[in-house]
Every structure is written in C-alpha cells, then in structure tokens.
Amino acid sequence: MNHARIGRVLEKMRAAGLPQMIVTDPLSIRYLTGADIFPGERMLALLLREDGAHTFFVNILFPEPACGLPVVRFSDTDDGPALIAEKLIDGCPVGVDKTWQARFLLRLMELRPGEYRNGSECIDWVRAVKDEEEREKMRVSSAVNDACMAEFVAALHPGATEKELEEEFIRIYAKHGCEGVSFTPIVGFGKNAADPHHGNDGTKLEKGMCVLLDVGGIYDGYCSDMTRTFFTAEPTDEERKVYELVKAANEAAKAIIRPGVKLCDIDAAARNVIASAGYGDQFTHRLGHFIGLEDHEYGDVSANFDRPVEEGMCFSIEPGVYLEGKFGVRIEDLVIVTKDGCEVLNHYPKQLTVLDLWK
Ligand SMILES: [Mn+2]
C-alpha cells in the first residue's frame with residue numbers, strides 16, 4: 001500500500017467530515033494499494049477509516065493481494081455488502097466513490113441505514129495531483145506519444161482511409177511498448193474533422209483535406225493524449241486564420257497557468273481568444289480534462305470548475321474550432337502545473353504544417 005497517498009485521502013476525508021469511505025474504482029484501488037484487480041461485475045471495495053482500521057474486500061477468485069492491509073475474502077454466493085456493513089463505524093456518515101454499482105450501494109443502504117455521501121472528490125482530487133513518480137511517468141508517456149505522432153504522420157498517404165490509419169496507429173503504439181491506447185485514435189479528414197468525436201470511417205484522404213489526429217497511448221500505466229491538425233494543400237485564408245486562432249488560444253491558456261489560478265479562468269483565457277475573433281459558438285466543448293491512470297479523470301478545465309490549480313496537477317489544453325461541413329482544427333497538449341507556471345509534456349511541433357503527400 002502507498003502510505004503517502006492513503007494519508008492524503010484521509011486528510012481530504014477529515015476535511016469533508018467523512019470518518020469512513022468506500023473506494024471501489026479499480027484504478028483508485030491500484031493507486032492506493034498496488035493491487036491490480038479488475039473484477040468486472042463482481043464487488044471489489046477498499047474501506048478507508050480515519051482510525052486506520054482499513055479493510056480490503058476481495059473475491060476469492062482473485063489472488064490474495066499482498067498490500068499489507070487486512071483482507072476480507074468472499075465467494076460469489078456471499079453477500080458482499082453485508083461483509084462491508086460489519087466493518088463500518090456505527091452512526092457515522094459513509095463516503096462512497098462515484099463509480100460503485102448501484103446494486104451494491106443500495107443493498108448496503110438497506111442493511112445499514114444511515115447517511116451516505118458521494119465522497120469521490122476525496123480520492124479524485126488526490127489522484128489529480130501527481131506525485132514525483134507519476135509526473136515522470138506522464139512525461140515518459142507523452143514522449144512516447146510524440147514519437148508515435150511522427151510515425152502517424154509518416155503513415156499518411158493519398159487514398160488512405162481513416163479506419164485503416166486507426167488500425168495502423170494502434171499497431172504503432174504497440175510497437176513503442178504501449179499496453180494499449182488511451183482511447184480509439186480519432187482520425188478526421190476534411191469535414192469529418194468538424195465533428196470533435198468523429199468515428200473513423202471509410203473516408204479516403206484527398207488532397208486539400210485537413211487531417212485531425214487526436215491520439216494517446218497507455219505507457220507504464222499512464223495515459224497520453226495529444227491532438228494535431230495538418231493540411232494537405234496550401235490552406236485557404238479561413239483555414240489559416242482558424243488554425244492560428246486555435247494555436248493562439250492554446251498558448252493563451254498555457255501562459256496563465258500557475259498555482260492558484262482557477263480552472264474556469266484557464267478555460268476563459270482560451271475561449272476569449274476564440275470568441276473575440278467571432279468563433280465562440282464553434283468552440284463547442286470544455287478546454288480540457290484531467291488525465292493520468294485514465295484518459296479522462298475527474299476535473300474539467302471549464303466554466304464549471306472554479307477550483308484553483310495546484311502544483312502537480314495534470315490536464316489537457318485542447319481548444320478547437322469546428323466549421324460544420326467544412327473543416328475543424330483542434331490543438332491539444334498535456335501540462336503539469338509547476339510552482340510558477342506549467343510544464344508542457346508534448347513537444348511535437350504546433351506550427352501550421354502543409355504535408356506534401358502528392359509528390
Ligand atoms: Mn483530450
């Protein structure tokens with residue numbers, strides 16, 4: 001078990017008035033205990049208590065975790081929530097993380113009536129602030145993504161379809177030692193790039209189409225995520241203007257990041273650049289999301305989050321402008337907040353690039 005991380009969660013629980021908390025997200029459990037158990041539909045739970053009497057509940061189908069915590073084992077025919085109920089402190093509220101299946105929580109509430117609260121932020125905001133070991137893993141993962149991006153660009157060729165490039169990109173990540181992809185790579189050609197979450201299809205690359213690549217791999221447990229947009233012919237005036245605008249928005253956001261600045265103000269810094277050029281309505285999503293063990297972790301860089309950022313937080317900065325039926329541009333980097341600014345994890349170039357594929 002990781003005492004420092006569990007200690008940080010206990011501090012947040014104290015501040016939230018939660019003497020006990022049930023953590024069930026397998027990635028949070030791995031983060032806190034080192035136990036790598038993905039239980040599927042079965043129950044897995046880590047009960048954290050402020051008095052230190054933590055308990056780990058693990059089905060006998062999975063190997064006994066050697067993490068130094070008392071473990072309660074159970075079988076498929078046991079009543080898992082009943083075992084948890086026995087270890088709860090009487091009369092005290094119980095925090096529960098946001099992903100626990102309702103059928104387990106509702107059963108526990110029936111067995112042990114009382115106050116239950118969404119305590120997920122006690123773990124989510126701890127995961128949001130990367131420790132030294134994690135910062136280094138995020139740097140390495142993004143360096144791998146930079147190297148893969150160079151190979152993705154080299155793999156582009158006239159007539160290639162989005163779908164076949166998706167498959168090729170997944171092979172390239174595997175070749176670079178990734179365990180998997182952070183998400184299915186997004187390959188958007190021309191007007192498909194105007195759909196921020198385009199599902200790759202049989203569209204063939206033709207001269208003049210823009211190419212939007214939103215890609216990330218999982219390396220040593222940590223996700224990368226980067227977007228670049230390229231042109232395949234001399235851009236039109238509008239394409240050039242939009243590209244430079246999105247790039248300026250990306251840079252404006254990064255320029256104000258330092259501890260104490262609010263997430264919503266970072267979003268506004270980028271959004272104002274785009275809105276003042278008249279494209280505010282075409283920037284249809286939040287500026288960014290937290291990232292780490294998962295591609296999208298809790299916490300948005302958006303108007304909905306006024307939390308001040310802290311040194312060690314890691315999130316994406318990904319402004320975009322989408323012109324339906326025409327083209328789209330998104331430019332995304334990951335950053336880690338430092339003591340007086342931010343460290344940009346992606347080094348793949350961002351200047352407007354025309355790929356000469358029809359030589
Ligand atoms: Mn992203």
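The values are calculated or read from the model by the stated rules, or taken from the named source; none is laboratory data. All of these numbers come straight from a predicted model, not from anything done at the bench. Heads up, the Cβs are rebuilt from the backbone with ideal geometry, glycines too, and the neighbour counts pull from every protein chain shown.
Filter region 1-34 down to residues that are farther than 21 Å from residue 88 by Cβ and either among the aliphatic types (A, V, I, L, M) or touching a residue at least 24 places away in the same chain (Cβ under 8 Å) (or both) and give me whichever is surrounded by the most Cβ atoms within 10 Å (Cβ to Cβ).
31
More than 25 Å from residue 297 (Cβ to Cβ), in contact (Cβ under 8 Å) with a residue 60 or more places away in the chain and outside the structural domain of residue 193 (by TED's automatic domain parsing): which single residue out of 323, 355 fits that description?
Testing whether each residue is more than 25 Å from residue 297 (Cβ to Cβ), in contact (Cβ under 8 Å) with a residue 60 or more places away in the chain and outside the structural domain of residue 193 (by TED's automatic domain parsing) leaves just 355.
Could you go through region 216-227 and let me know if any residue there is away from the ligand (no atom under 16 Å from the Cβ) and among the charged types (D, E, K, R).
Yes; the residues of region 216-227 include at least one that is away from the ligand (no atom under 16 Å from the Cβ) and among the charged types (D, E, K, R).
For residues that are over 18 Å from residue 48 (Cα atoms) and aliphatic (A, V, I, L, M), tally how many sit in region 88-112.
3
Those residues that are assigned to a strand (DSSP E or B) and either aromatic (Phe, Trp, Tyr) or more than 16 Å from the ligand (Cβ to nearest atom) (or both), I need them from region 322-341; list them, please.
Passing the criteria: 322, 323, 327, 337.
What about residue 300, is it free of Cβ contacts under 8 Å to residues at least 60 places away in the same chain, in a strand (DSSP E or B) and either within 15 Å of residue 228 (Cα to Cα) or more than 10 Å from the ligand (Cβ to nearest atom) (or both)?
yes
If the Cβ limit is 7 Å and pairs must be 6+ apart or interchain, which residue in region 81-108 that is modelled with pLDDT of 95 or more and surrounded by 13 or more Cβ atoms within 10 Å (Cβ to Cβ) pairs with which residue that is basic (Lys, Arg) and part of a loop (DSSP other than H, G, I, E, B)?
Final answer for the pair search is 85/112; 88/112.
At least 3 residues that are in contact with a Ser or Thr (Cβ under 8 Å, 6 or more places away or on another chain) in each: list the strands (runs of 3 or more DSSP E) lying fully within region 115-224 that qualify.
By residue number, 210-215, 217-219.
Please verify whether residue 258 is in contact (Cβ under 8 Å) with a residue 60 or more places away in the chain and closer than 17 Å to residue 289 by Cα, treating the condition exactly as stated.
For residue 258, the condition - in contact (Cβ under 8 Å) with a residue 60 or more places away in the chain and closer than 17 Å to residue 289 by Cα - is met.
Looking only at region 7-34, count how many residues are closer than 22 Å to residue 85 by Cβ and not acidic (Asp, Glu).
Final tally of qualifying residues: 17.
Being without any contact (Cβ under 8 Å) to a residue 40 or more places away in the chain, within 16 Å of the ligand (Cβ to nearest atom) and not aromatic (Phe, Trp, Tyr) narrows it down to one of 345, 293, 287, so name that one.
Going through 345, 293, 287 in turn, the sole match is 287.
For region 12-48, which positions are more than 24 Å from the chain's Cα centre (by Cα) and farther than 15 Å from residue 101 by Cα?
14, 15, 16, 17, 18, 19, 20, 47, 48
Name every residue in region 311-321 that is closer than 12 Å to residue 270 by Cβ, outside any loop (DSSP other than H, G, I, E, B) and within 15 Å of the ligand (Cβ to nearest atom), in order of residue number.
Result: 316, 317, 320.
Looking at (1) out of contact with any His (no Cβ under 6 Å at 6 or more places or on another chain); (2) closer than 20 Å to residue 145 by Cβ; (3) not in a loop (DSSP other than H, G, I, E, B), which one does residue 292 not meet, given that it meets all the others?
Of (1) out of contact with any His (no Cβ under 6 Å at 6 or more places or on another chain); (2) closer than 20 Å to residue 145 by Cβ; (3) not in a loop (DSSP other than H, G, I, E, B), only one is false for residue 292: (3).
If the requirement is being more than 29 Å from the chain's Cα centre (by Cα), assigned to a loop (DSSP other than H, G, I, E, B), among the acidic types (Asp, Glu) and under 26 Å from residue 2 (Cα atoms), which of these qualifies: 64, 86?
Going through 64, 86 in turn, the sole match is 64.
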